[in-house]
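Peer 1: Mind looking over this structure? Questions follow.
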Amino acid sequence: MDRVRLIIFNAALGPLDYRVSPGMAVEPGSVVIAPLGPRQVLGIVWEPERLDGGAEVPASKLRPLLEALPVPPLSAPLRRLIEWTADYYCAPLAAVARMAIGSMAALKGGGTTTEYRLSGAEPARLTPQRAAAMDALHDEQATIRELAERAGVSEGVLRGMVGAGLLEPVTVDLDRPYPRARTDHAAPDLSPDQQAAADRFSAAVRDGGFQPFLLDGVTGSGKTECYFEAVATALALGRQVLVLLPEIALTENFLRRFEARFGVSPVLWHSSLKSSERRRAWRAIVSGDAQVVVGARSALFMPYARLGLIVVDEAHEISFKQDDGVRYNARDVAVVRAKFERIPVILASATPALESMQLAEARVYTKVELAARYGGAELPAIRVVDLRKDQPERQHWIAPPLVKELRDRLDRGEQSLLFLNRRGYAPLTLCRHCGYRFQCPNCTAWLVEHRLSRRLACHHCGHEVPTPEACPECATPDCMVACGPGVERIADEVTERFPAARVAVVTSDTLGSPGKVREFVEAVEGGLVDVIVGTQLVTKGYHFPELTLVGVIDADLGLEGGDLRAGERTYQQIAQVAGRAGRGEKPGEVLIQTRHPEAPVIAALAAGDRDSFYAAEAEARREAGAPPFGRWAAIIVSSEDEAEAREAARAIGGTRPDLPDVLVLGPAPAPMALLRGRHRYRLLINARRSAEVQRVIRDWLGQLRFPPGVRVAVDIDPYSFV
Ligand code: ADP
Ligand code: ZN
C-alpha cells in the first residue's frame, strides 16, 4: 500500500488520504499518526471504498504518514462494528472509533511508567499542605497528577515532597501479566435447571457462531452461576470474555463472586481507573492476556484479540443507554458486536426489557428460563399499601402498616430495606415567608437539599450552594421549608420512630467508591445494619440473607412524567428491589406504598403476574407505534442563546420531510428547557419499523447549516425524553 485513507480523530473532519512512506507497514485497522496542517493527529487506516467522501487528491499532493503505532490493527469485525454504530446512531465515525482507543497513552507501546507512593519517612515538621497529603495518600500509588487530585493539593506540593524524600518513585511495568483464572477453582453444584442453562451456553461457546440468548431468571435464581460456566468454557478454549455491568457500583459484588469462582480478579475497565491501570488493561485486552474484562459501557468497543463470549448482566438497565456524545445503547450494540465477531451473547435479567422479550418471542433470541430461586428460597409475598386509606402522619412518609412490619423485623433482629429513588433530604426547598424556591441557575430543576453535607445541589449539572441561613429573597432567617422526602429524610423518620435502629443510607453520594461499597456490604452481612434506606442503587445485585422486608416508599414516583417506558421502568425497579427480600431461609415480604393501587403496573406486581403486565404493555406500545413495534428518534437542539436555539429548532421543523411512514412532532421546548446553561428544544420522530429513519434524518439535517453555538444531537431509540 502506498496510499491510505484514514479516519481522523477529529469529528469535524471527514476521511483524508495520505501517502505511506517506503518501509512503513500499514493495513486496514492500523493506528497511525498523520500530519494535519501544523499539527499531528491520530488516525485509523480504513478500507477506502467503505468511506464516503475522501476527496480524490492526486498522489503527488499527498502528505506522508508520520508513524505507525506499535499496536495490532483493529480487526475487521471491530471495524464493521464501528461503521454500524456510526451509521445506526447517526454519529461521526471518528467519535465511535475513538471509543476503541480507550487509552491514548497505551498506544505508545509497553515498557514502564513511574508512579509515586509515600516512602515511609517521618519528617519532624510539615507544612499543613504536606501534612494533608501525608494523611490522604496512605496506601495510594499513582502518578503525581492523580495523587494531587486525590489529596487535594497542587502537583507542586507533591514534587516538593519527592525532592524531600517523602514520596518515592516506583517503576510500574505496563505489560506485567494478570494472574490466570482457574476454571476449576470452585465450580458450583448446579441445580438441574441451572445445569441445563449452563450447558446450552457452554455448547454455544464451544460451537462458536453468533447466538444471542435471553437469560430470563427470577431474582435469586443464580443467573451469575450459570453464565460463569460459559465463562469457564470460553477460558478453557483460550478465548476472552466481556461482562458488561450497568453501573460500577455493582462491580464490587461481582468481583467477590468472580474471585470465589475463579480464584482471581477479572480485569476491570471503567472511567475512574488510574492512567497506568488503563494502559495496562488496554494493552492486555489487545494482546489477549486479559481473560475476562468487566466494565461499564465503554468496555464494549475495546479491540479484544480473541473475544469468545459477551455477557450483559442486568440487561434491562437503562444506564446501558449513553445520553451524551455517541448516544448508543450498549445492550443492543453488544448483540451487534457478537454478530460481527460470530460469538454467543447472553443478556441476563429478572425483568427483561419489552424489546428483548419481543425478540425472544420472535425467536431472534433464544430464551433460557430459570423459574425458581436457588436453594428453595421463595419469592417474597407482595402487599399493596393504599396511601389514601393508610395515611402516614403529617410530614411523615412511612404508613402505619409499614411501620408495624419494620417494628416486627427490628424485634426479630432481621433486616429491612426502604426504597425511594431520590437522593438527598428533600427535592424542593422553599421560603415559608415569601414562597421563594431554590432553583438551579443552569437547569430547569429545583435544588435538592442534602442535609448531611449541608448543601443545596442540582442533580443535573452539579451546581451546589451551602444551605443558607436566611432566604436570599426576603432575608427572613430560618424560614426554609423542606418539601417532600428524599432518602435522608426517610432515614431521619426511621431514627425518630426507632431510635435504637442502625440505619444505613445508600445512594451514589454515600457509595461513591469500591471501598465504600465493600464497607457497606460487610456491615450488612456482619449484622451491623438494621434498616437500609436507598435509591435504585440498592435495587439489584445484593444478596443479604437476613433481609426479609422491603418497603417501597413511593411507587408512583416513576409513573409521573409519563414517558414511554415509565410503566416498564416502575415494574422493573419494584420487582428488582422486591427481589432483595427473603433470599435466605426466612421468607420475605414486600410492601408497596401507592396512591394508585389500580394502576396496571401496581396491580400486576401485587398479583405477581408478570406475563399479563408485559402483554398489556406490549399492547399499549403497539397502539402508540412505540418500540419495538414502531421506531422513535429525537432531535435535540441546544444553545446558550435561547433565540438561537429556537431559531435553529424552527429551521429544522420547517424543513421536515413529508413522508407517509415518518411522523415528526415538535419542535417544542424540552421539558428540561434549560440544562447546564443551554436552552433546549426537541423534535420527536415516530416512524414505522420499515422506515429508514437514519437516512431520512441524515438527509434532512445534512442540508441545514447552523451557527457555531448551536448543537444538534440525534438520539435514536431514545430513553430520555427530558
Ligand atoms: P440472580 O443473579 O439470578 O439474582 P444470584 O446469581 O445472585 O441470582 O444467586 C443468588 C444466590 O444464590 C447467590 O448468593 C449465589 O451465590 C447463590 N447460588 C446460586 N446458585 C448456586 C449454586 N448452584 N450453588 C451455590 N450457590 C448458588
Ligand atoms: Zn443545574
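The values are calculated or read from the model by the stated rules, or taken from the named source; none is laboratory data. What you see is a predicted model; the values in this text were computed from it and never measured. In this analysis, Cβ positions are derived from the backbone assuming ideal geometry, glycine residues included, and neighbour counts consider all displayed protein chains.
Peer 1: Can you pull out every residue in region 478-514 that is part of a loop (DSSP other than H, G, I, E, B), of a type outside the set (A, V, I, L, M) and closer than 26 Å to Lys404 by Cα? Steps first, answer last, please.
Peer 2: Taking region 478-514 first, the residues part of a loop (DSSP other than H, G, I, E, B) are 478-479, 484-486, 498-502, 507-513.
Remaining after also requiring of a type outside the set (A, V, I, L, M): 478-479, 484-486, 498-499, 502, 507-510, 512-513.
Across region 478-514, the qualifying residues are Gly484, Pro485, Gly486, Phe498, Pro499, Arg502, Thr507.
Peer 1: Check Val524, Val529, Val517 and return the single one that is surrounded by 16 or more Cβ atoms within 10 Å (Cβ to Cβ), modelled with pLDDT of 90 or more and not in a loop (DSSP other than H, G, I, E, B). So that I can check it myself, show each step before the final result.
Peer 2: Working: Val529 fails: not in a loop (DSSP other than H, G, I, E, B); Val517 fails: modelled with pLDDT of 90 or more.
Result of the check over Val524, Val529, Val517: Val524.
Peer 1: So, one more: Just to be sure before I move on: is Arg200 part of a helix (DSSP H, G or I), of a type in the set (Lys, Arg) and touching a residue at least 40 places away in the same chain (Cβ under 8 Å) in the structure I sent?
Peer 2: Values: part of a helix (DSSP H, G or I): yes; of a type in the set (Lys, Arg): yes; touching a residue at least 40 places away in the same chain (Cβ under 8 Å): yes.
Spelling it out, Arg200 is indeed part of a helix (DSSP H, G or I), of a type in the set (Lys, Arg) and touching a residue at least 40 places away in the same chain (Cβ under 8 Å).
Peer 1: Then there is this: Which condition from (1) surrounded by fewer than 19 Cβ atoms within 10 Å (Cβ to Cβ); (2) touching a strand residue (DSSP E or B) at 6+ places or on another chain (Cβ under 9 Å); (3) under 21 Å from Trp282 (Cβ atoms) is the one that Leu93 breaks?
Peer 2: With respect to (1) surrounded by fewer than 19 Cβ atoms within 10 Å (Cβ to Cβ); (2) touching a strand residue (DSSP E or B) at 6+ places or on another chain (Cβ under 9 Å); (3) under 21 Å from Trp282 (Cβ atoms), Leu93 is out only on (1).
Peer 1: If Glu623 meets every condition in (1) modelled with pLDDT under 95; (2) under 24 Å from the mean Cα position of the chain (by Cα); (3) farther than 20 Å from Cys90 by Cβ apart from one, which number is that one?
Peer 2: Result: Glu623 passes all but (2).
Peer 1: Give Ala281, Ala230, Ala290 a once-over and let me know the one that is small (Gly, Ala, Ser), within 15 Å of ligand 1 (Cβ to nearest atom) and touching a strand residue (DSSP E or B) at 6+ places or on another chain (Cβ under 9 Å). Write out each step before concluding.
Peer 2: On the way: Ala281 fails: within 15 Å of ligand 1 (Cβ to nearest atom); Ala290 fails: within 15 Å of ligand 1 (Cβ to nearest atom).
Only one candidate passes the filter, namely Ala230.
Peer 1: Output the residues belonging to region 374-418 that are under 23 Å from Val506 (Cβ atoms) and of a type in the set (Lys, Arg).
Peer 2: Arg407, Arg409, Arg412
Peer 1: Let me ask another. Considering only residues that are exposed (fewer than 10 other Cβ atoms within 10 Å of the Cβ) and closer than 15 Å to Tyr18 by Cβ, which ones fall in region 38-58?
Peer 2: Residues of region 38-58 exposed (fewer than 10 other Cβ atoms within 10 Å of the Cβ): 38-39, 49, 52-53, 55-56, 58.
Passing the criteria: Arg39, Ala55, Glu56, Pro58.
Peer 1: Ok, one more. So which residues in region 96-133 are touching a strand residue (DSSP E or B) at 6+ places or on another chain (Cβ under 7 Å) and either surrounded by fewer than 17 Cβ atoms within 10 Å (Cβ to Cβ) or farther than 30 Å from Gly14 by Cβ (or both), if there are any at all?
Peer 2: Selection gives Thr112, Thr113, Thr114, Glu115, Tyr116, Arg117, Leu118, Ser119.
Peer 1: Identify, from the list Gly217, Gly222, the residue that is over 22 Å from the mean Cα position of the chain (by Cα) and more than 20 Å from Ala330 (Cα to Cα). Spell out the reasoning first.
Peer 2: Working: Gly217 fails: over 22 Å from the mean Cα position of the chain (by Cα).
When all the criteria are applied, what remains is Gly222.
Peer 1: For region 351-375, which residues satisfy the criterion of being part of a loop (DSSP other than H, G, I, E, B) and surrounded by fewer than 22 Cβ atoms within 10 Å (Cβ to Cβ)? Let's see the steps before the verdict.
Peer 2: Keep residues of region 351-375 that are part of a loop (DSSP other than H, G, I, E, B), which gives 351-353, 362-365, 371-373.
Across region 351-375, the qualifying residues are Ala362, Arg363, Val364, Ala371, Ala372, Arg373.
Peer 1: Are there any pairs, at least 6 apart or on different chains, whose C-beta atoms fall under 7 Å, with the first in region 424-451 and without any contact (Cβ under 8 Å) to a residue 12 or more places away in the chain and the second assigned to a strand (DSSP E or B) and more than 16 Å from ligand 1 (Cβ to nearest atom), and if so, which?
Peer 2: Qualifying pairs under 7 Å: Arg437/Leu428; Arg437/Leu430; Arg437/Trp446; Gln439/Trp446.
Peer 1: Tell me whether region 18-37 contains one or more residues that are surrounded by 20 or more Cβ atoms within 10 Å (Cβ to Cβ), over 28 Å from Gly111 (Cα atoms), modelled with pLDDT of 90 or more and in contact with a Pro (Cβ under 8 Å, 6 or more places away or on another chain).
Peer 2: Yes; the residues of region 18-37 include at least one that is surrounded by 20 or more Cβ atoms within 10 Å (Cβ to Cβ), over 28 Å from Gly111 (Cα atoms), modelled with pLDDT of 90 or more and in contact with a Pro (Cβ under 8 Å, 6 or more places away or on another chain).
Peer 1: Could you name every one of the helices (runs of 4 or more DSSP H) located completely within region 64-181 that has at least 1 residues being within 26 Å of the chain's Cα centre (by Cα)?
Peer 2: Values: elements: 76-88, 93-100, 128-136, 144-151, 155-163.
Correct list: 76-88, 93-100, 144-151.
Peer 1: Right, His459: of a type outside the set (Gly, Ala, Ser), free of Cβ contacts under 8 Å to residues at least 40 places away in the same chain, crowded, with 17+ Cβ neighbours inside 10 Å and more than 22 Å from Arg394 (Cβ to Cβ) or not?
Peer 2: Values: of a type outside the set (Gly, Ala, Ser): yes; free of Cβ contacts under 8 Å to residues at least 40 places away in the same chain: yes; crowded, with 17+ Cβ neighbours inside 10 Å: yes; more than 22 Å from Arg394 (Cβ to Cβ): yes.
So His459 passes the test.
Peer 1: In region 249-271, how many are surrounded by fewer than 20 Cβ atoms within 10 Å (Cβ to Cβ) and in contact with a Ser or Thr (Cβ under 8 Å, 6 or more places away or on another chain)?
Peer 2: The qualifying residues number 6.
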